[in-house]
1. Hey, any hits in the stretch 74-84 for a residue that's within 23 Å of Val156 (Cα to Cα), part of a helix (DSSP H, G or I) and not charged (D, E, K, R)?
2. Is it true that some residue in the stretch 112-130 is aromatic (Phe, Trp, Tyr), more than 19 Å from Val182 (Cβ to Cβ) and either in contact with a Gly (Cβ under 9 Å, 6 or more places away or on another chain) or part of a loop (DSSP other than H, G, I, E, B) (or both)?
3. Identify all residues within the stretch 62-114 that are among the charged types (D, E, K, R) and either in contact with a Cys (Cβ under 9 Å, 6 or more places away or on another chain) or open to solvent by less than 50 Å² (accessible area, probe 1.4 Å) (or both); write none if there are none.
4. Restricting attention to the stretch 162-173, does a residue exist that is under 21 Å from Arg107 (Cα atoms), of a type in the set (Gly, Ala, Ser) and out of contact with any strand residue (DSSP E or B) (no Cβ under 9 Å at 6 or more places or on another chain)?
5. Just to be sure I understand, how many residues within the stretch 109-125 are farther than 19 Å from Asp59 by Cα and of a type in the set (Lys, Arg)?
6. Return the pairs, sorted by first residue and then second, in which the second residue is assigned to a helix (DSSP H, G or I) and open to solvent by 50 Å² or more (accessible area, probe 1.4 Å), the first residue lies in the stretch 147-161 and is at negative phi, the beta carbons are less than 9 Å apart, and the residues are 6+ apart or on different chains.
Amino acid sequence: MFSWLEKNPFFFAVGVFIVIAYAGIVEILPDFANRARPLDTAKPYTVLQLAGKNIYMQDGCNTCHTQMIRPFKSETDRYGMYSISGEYAYDRPHLWGSKRTGPDLWRVGNYRTSDWHENHMKDPTSVVPGSIMPAYTHMFKKAADIKTAYAEALTVQKVFNAPYNMPDMPKLGSWEETQKDVLAEAGMIVDQMRDEEIKKAFSNGEIREIVALIAYLNSLK
């Protein structure tokens with residue numbers, strides 16, 4: 001039989017393909033599926049964090065910053081533990097990226113604070129001398145779109161079965177209940193900020209875009 005296969009390269013190639021494909025199905029797919037399962041520490045974004053992520057994408061932050069730490073020492077020394085697929089289970093869409101004009105941000109919540117982000121977005125060179133990032137002062141003036149983020153959270157809960165309201169997971173109740181939760185979460189961030197206009201707007205019930213963006217960045221750990 002083997003001598004016959006050696007004389008018929010087409011069928012030999014087909015046989016090799018079948019063997020490799022079978023081995024891949026048996027060995028690779030189960031492990032891949034296991035790695036893709038949500039980690040115990042993975043959580044869906046809160047409504048405020050979702051609003052911040054939408055601002056992050058809207059202003060093109062993902063065009064200069066990746067969110068994927070590769071398993072190399074030079075990466076882990078600078079950014080922390082390399083990324084694991086299960087961490088992205090509730091990240092829709094994921095913002096991995098391949099171009100880094102600025103640093104990777106997947107674990108930025110571990111080493112930057114709310115007031116640092118405030119200064120960085122208002123005047124990048126004040127905290128990173130030589131930075132080429134533009135200032136995003138408009139975020140300090142525009143109100144965050146919380147309603148759209150709430151609608152998005154409801155969608156991922158119903159369509160993708162995101163585990164909102166489960167133990168140790170973010171809550172997602174009625175619009176009135178969610179508004180209270182968003183204000184409470186935003187209040188903790190505003191307390192750490194120095195901008196008086198942001199504080200004044202919040203005291204009047206308005207959440208500016210910069211607050212939502214910081215909530216999102218702080219969640220990346």
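1. Looking for residues that are within 23 Å of Val156 (Cα to Cα), part of a helix (DSSP H, G or I) and not charged (D, E, K, R), one finds none in the stretch 74-84, hence no.
2. Within the stretch 112-130, the subset aromatic (Phe, Trp, Tyr) is 116.
With more than 19 Å from Val182 (Cβ to Cβ) added as a condition, the list becomes 116.
Next, from what is left, pick out any that are either in contact with a Gly (Cβ under 9 Å, 6 or more places away or on another chain) or part of a loop (DSSP other than H, G, I, E, B) (or both): none.
So far as the stretch 112-130 goes, no, none of its residues is aromatic (Phe, Trp, Tyr), more than 19 Å from Val182 (Cβ to Cβ) and either in contact with a Gly (Cβ under 9 Å, 6 or more places away or on another chain) or part of a loop (DSSP other than H, G, I, E, B) (or both).
3. Just the residues of the stretch 62-114 that are among the charged types (D, E, K, R), to begin with: 70, 73, 75, 77-78, 87, 91-92, 99-100, 104, 107, 112.
Across the stretch 62-114, the qualifying residues are Glu75, Glu87, Asp91, Lys99, Arg100, Asp104, Arg107.
4. Of the stretch 162-173, the ones under 21 Å from Arg107 (Cα atoms) are 168-170.
With the extra rule that they be of a type in the set (Gly, Ala, Ser), the set shrinks to none.
Checked against the condition, which is being under 21 Å from Arg107 (Cα atoms), of a type in the set (Gly, Ala, Ser) and out of contact with any strand residue (DSSP E or B) (no Cβ under 9 Å at 6 or more places or on another chain), the stretch 162-173 yields no hits at all.
5. 1
6. Hits for this filter: Lys147/Trp175; Tyr150/Trp175; Tyr150/Gln179.
The values are calculated or read from the model by the stated rules, or taken from the named source; none is laboratory data. Everything quoted here is computed from the prediction, not taken from an experiment. Using ideal geometry, Cβ is built from the backbone for each residue, glycine included, and neighbour counts are taken over all protein chains shown. Accessible surface areas use protein heavy atoms only, side chains included; no ligands, DNA or RNA. Shrake-Rupley method; radii C 1.70, N 1.55, O 1.52, S 1.80 Å.
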